[in-house]
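The values are calculated or read from the model by the stated rules, or taken from the named source; none is laboratory data. The structure presented is a predicted model; accordingly, all values stated were derived computationally and were not measured. Positions of Cβ are backbone-derived with ideal geometry, glycine not excepted, and every protein chain shown enters the neighbour counts. Surface accessibility is based on the protein's heavy atoms, side chains included, excluding ligands, DNA and RNA. Shrake-Rupley method; radii C 1.70, N 1.55, O 1.52, S 1.80 Å.
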Amino acid sequence: MKILVCISHVPDTTSKINFTAENAEFDSNGVQFVINPYDEFSLARAMWFKEKQGASVTVITVGDASTEPSLRKSLAIGADDAIRIDAQATDGITVAKQLAEVIKSNAYDLILTGRESIDYNGATVPGALATLLDYNFINACVGLEIEGTSVTASKEIDGGTETLGTELPAVIAGQKGLVEEKDLRIPNMRGIMMARKKPLQVLPGIEATSSTKDVSFEKPAEKSACKIVTSVDELIDVLHNEAKVI
Amino acid sequence: MSVLVFAESSEGKFKKIAFEAVSYGKKIAQQLSTQLIALTINAENASELSTYGANKIIKVNNETLSTFNAKVVSSIIAQAATQENAEVVIIDSSSNGLYVAPAVATILDAGYVSNVIEAPSNTSPFTVKRKTFSNKAFSHTEISSAVKVIGLAKNSFGVVASDEAATEEDFSPEIANSGVNSTAINKNAGKVSIADADIVVSGGRGLKGPENWNLIEDLAEVLGGATACSKPVSDLGWRPHNEHVGQTGKPVASNLYIAIGISGAIQHLAGVNASKVKVVINIDPEAPFFKAAEYGIVGDAFEVVPQLIEKLKEFNSKN
Ligand SMILES: Cc1cc2nc3c(=O)[nH]c(=O)nc-3n(C[C@H](O)[C@H](O)[C@H](O)COP(=O)(O)OP(=O)(O)OC[C@H]3O[C@@H](n4cnc5c(N)ncnc54)[C@H](O)[C@@H]3O)c2cc1C
Ligand SMILES: Nc1ncnc2c1ncn2[C@@H]1O[C@H](COP(=O)(O)O)[C@@H](O)[C@H]1O
């Protein structure tokens with residue numbers, strides 16, 4: 001089985017978000033970037049298929065050279081090779097078009113992604129990619145088994161889970177639950193050394209114009225101070241009469 | 001030209017966000033001086049949508065669609081958009097909506113923006129405001145394609161009544177090959193889900209252990225709310241994964257979010273900030289959650305919460 005894991009390179013979860021150029025651009029100054037947390041679950045599951053079922057694992061990202069540390073980290077975790085499509089990740093559908101172009105000429109059996117990127121939170125790439133490729137698609141995946149070409153997956157739904165069956169090739173968008181938190185991989189020294197020798201191929205992107213553009217950003221308004229109440233009676237009173245939420 | 005809204009239902013009943021999506025669609029139809037068309041799939045009371053301004057309701061009724069299949073539903077929405085010559089297609093950004101919308105946009109070769117929270121500030125260029133950076137910021141995003149797909153965030157625009165006399169039509173789209181088959185659904189029967197809840201009661205590591213979760217459950221029950229937890233609580237196995245809320249867990253956009261024994265780490269707040277009113281109950285007055293909350297009680301959860309449950313029972317019996 002050939003697996004492709006799509007990696008999004010995003011600001012670390014603790015990052016303070018700021019903008020420059022009169023709020024027209026994200027300010028990456030001083031921001032630490034990491035593998036998108038949802039993608040880590042998918043990558044860890046891919047490693048399980050590699051170790052238990054002999055799958056090969058390629059990681060791919062769409063972005064400029066600054067995204068390469070996340071690919072190197074994925075190689076250190078155990079991916080076999082990496083691809084960077086040298087194009088700006090402008091919007092989800094455009095990223096999907098870039099990925100689809102590479103996938104069409106490489107025939108992967110399983111495409112793993114995260115449920116959403118924690119930067120622009122589009123939750124767009126996996127669904128768009130599956131549609132472009134006409135592959136089966138499962139979102140919000142919290143459990144995945146594969147036998148031959150048949151896929152059994154559990155998907156998170158409101159208030160529970162759903163068990164789904166489908167066939168490869170498929171696009172599966174993962175999240176926490178796909179593997180346990182404790183089974184996420186941290187690169188060790190040997191992995192880091194080996195990663196240096198593994199292939200990281202840079203491919204040119206295709207011409208693709210996006211239909212959406214972020215023209216400006218805004219931060220939430222400063223919140224007024226928290227009202228400290230000293231009794232539960234007072235709390236019930238303010239929630240009922242002032243906030244009107246109960 | 002028209003604006004098309006997919007009005008989502010489950011087991012025949014509209015979800016609350018369906019009414020919000022139709023209200024939102026009405027606003028855009030007015031901005032564009034055009035008709036609002038609502039699409040329903042196996043909904044029992046389709047005519048309810050006229051209360052929120054739909055001019056025409058197109059109804060799909062088909063037994064094979066009793067379980068939600070993303071590929072089939074996205075194909076139906078795309079066919080409706082083509083038939084109705086829709087310029088704007090609105091799909092809620094709930095879990096099912098997020099599942100189908102990128103496919104709809106791809107089929108229609110449309111631009112797509114999810115988690116939108118306001119009516120367009122401008123229709124030319126078409127500009128919407130959406131949540132980004134896990135609620136730490138908003139983007140103003142222009143959509144330049146002829147057809148635009150908008151994902152509407154829950155509890156953002158609100159439900160607005162606008163009575164219209166709607167016409168109703170049956171719609172018989174081609175049913176796509178599903179590709180993915182549902183074999184079982186496991187739901188916690190009788191419990192309110194975090195996605196649907198107006199009130200969410202959430203517990204953190206301050207509750208000390210799973211044996212104390214009756215406090216959270218009893219409080220949620222008197223309030224008719226859902227229960228949730230911080231990430232370490234689900235990592236420790238005190239609560240199931242699907243209750244973990246925050247930046248890397250479930251997003252919460254309820255009217256009321258009560259955080260008990262939760263410190264208020266940036267990753268937790270990022271996922272719950274979209275809630276309208278946040279209440280914190282924490283023994284430590286320095287806990288960061290106090291900076292993010294509207295109301296707070298400094299106190300021991302094991303004293304405050306039982307009192308709160310008792311007083312709310314009294315409150316409920318009077319109101
Ligand atoms: C990549 C990444 C992603 C993350 N994503 C998330 C996420 O999505 N969601 C999330 O929640 N976290 C997330 N976290 C973890 C986050 O950083 C915090 O560690 C976590 O939110 C803390 O949980 P807590 O508030 O329950 O526990 P603690 O930080 O231990 O806080 C417990 C609180 O309980 C209070 N307390 C103690 N006893 C009592 C009492 N008797 N009565 C009342 N209060 C009491 C304490 O004063 C304290 O404030 C993430 C972290 C990382 C690194
Ligand atoms: N620039 C990118 N390169 C490769 N994969 C991406 C990129 N952006 C998003 N993805 C994948 O798509 C998933 C959903 O991202 P998004 O649609 O941006 O919310 C992520 O978890 C990644 O797996």
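Among the residues of the stretch A:148-166, are any surrounded by fewer than 13 Cβ atoms within 10 Å (Cβ to Cβ), of a type outside the set (Phe, Trp, Tyr) and either at pLDDT 95 or above or within 27 Å of B:GLN247 (Cα to Cα) (or both)? Steps first, answer last, please.
Of the stretch A:148-166, the ones surrounded by fewer than 13 Cβ atoms within 10 Å (Cβ to Cβ) are A:148, A:150.
Now narrow it down to the ones that are of a type outside the set (Phe, Trp, Tyr): A:148, A:150.
Right, trim to either at pLDDT 95 or above or within 27 Å of B:GLN247 (Cα to Cα) (or both) and you get A:148, A:150.
The answer is yes; a qualifying residue exists.
Which residues, counting only those in the stretch B:31-69, are part of a strand (DSSP E or B) and either of a type outside the set (Gly, Ala, Ser) or modelled with pLDDT under 95 (or both)?
The answer is B:GLN35, B:LEU36, B:ILE37, B:LEU39, B:THR40, B:ILE41, B:LYS56, B:ILE57, B:ILE58, B:LYS59, B:VAL60.
For the stretch B:164-191, how many residues are open to solvent by less than 70 Å² (accessible area, probe 1.4 Å) and free of Cβ contacts under 8 Å to residues at least 40 places away in the same chain?
Keep residues of the stretch B:164-191 that are open to solvent by less than 70 Å² (accessible area, probe 1.4 Å), which gives B:164, B:166, B:171, B:173, B:176, B:178-180, B:182, B:184.
After this cut, where a residue has to be free of Cβ contacts under 8 Å to residues at least 40 places away in the same chain as well, the list is B:184.
Qualifying residue count for the region: 1.
Before we move on, is A:SER117 polar (S, T, N, Q), away from ligand 2 (no atom under 15 Å from the Cβ) and farther than 19 Å from A:LYS50 by Cβ?
Details: polar (S, T, N, Q): yes; away from ligand 2 (no atom under 15 Å from the Cβ): no; farther than 19 Å from A:LYS50 by Cβ: yes.
The answer is no for A:SER117.
Which one is surrounded by the most Cβ atoms within 10 Å (Cβ to Cβ) among residues in the stretch A:25-40 that are more than 7 Å from A:GLY114 (Cβ to Cβ) and within 16 Å of ligand 1 (Cβ to nearest atom)?
Kept after step one, since they are more than 7 Å from A:GLY114 (Cβ to Cβ), are these residues of the stretch A:25-40: A:25-35, A:37, A:40.
Now restrict to residues that are within 16 Å of ligand 1 (Cβ to nearest atom): A:31-35, A:37, A:40.
Numbers: A:VAL31: 15, A:GLN32: 10, A:PHE33: 17, A:VAL34: 19, A:ILE35: 23, A:PRO37: 22, A:GLU40: 26.
If we take residues in the stretch A:25-40 being more than 7 Å from A:GLY114 (Cβ to Cβ) and within 16 Å of ligand 1 (Cβ to nearest atom), then A:GLU40 is surrounded by the most Cβ atoms within 10 Å (Cβ to Cβ).
Please identify the pairs in which a residue from the stretch B:227-245 that is facing chain A (nearest Cβ under 10 Å) has its Cβ atom under 7 Å from the Cβ atom of a residue that is within 11 Å of ligand 1 (Cβ to nearest atom) and in a strand (DSSP E or B), counting only partners at least 6 apart or on another chain.
B:LYS231/B:HIS244; B:SER234/B:HIS244; B:HIS244/B:CYS229; B:HIS244/B:LYS250
Answer yes if at least one residue in the stretch A:113-125 is more than 16 Å from ligand 1 (Cβ to nearest atom), farther than 30 Å from B:VAL116 by Cα and not aromatic (Phe, Trp, Tyr), and no otherwise.
The initial filter retains those residues of the stretch A:113-125 that are more than 16 Å from ligand 1 (Cβ to nearest atom), namely A:113, A:120, A:122, A:124-125.
If we keep only those that are farther than 30 Å from B:VAL116 by Cα as well, we get none.
No: the stretch A:113-125 contains no residue that is more than 16 Å from ligand 1 (Cβ to nearest atom), farther than 30 Å from B:VAL116 by Cα and not aromatic (Phe, Trp, Tyr).
For every residue, the table says whether it meets (1) more than 10 Å from chain A (Cβ to nearest Cβ); (2) among the basic types (Lys, Arg); (3) within 16 Å of the chain's Cα centre (by Cα); (4) in a helix (DSSP H, G or I).
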| position | (1), (2), (3), (4) |
| --- | --- |
| B:SER193 | no, no, yes, no |
| B:VAL201 | yes, no, no, no |
| B:GLU211 | yes, no, no, yes |
| B:ASP218 | yes, no, no, yes |
| B:THR248 | no, no, no, no |
| B:ILE258 | no, no, no, no |
| B:GLY264 | yes, no, no, no |
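Scan the stretch A:5-21 residue by residue and report those that are away from chain B (no Cβ under 12 Å) and either loosely packed, with under 14 Cβ neighbours inside 10 Å or β-branched (Val, Ile, Thr) (or both).
Those that are away from chain B (no Cβ under 12 Å) and either loosely packed, with under 14 Cβ neighbours inside 10 Å or β-branched (Val, Ile, Thr) (or both): A:VAL5, A:ILE7, A:THR20, A:ALA21.
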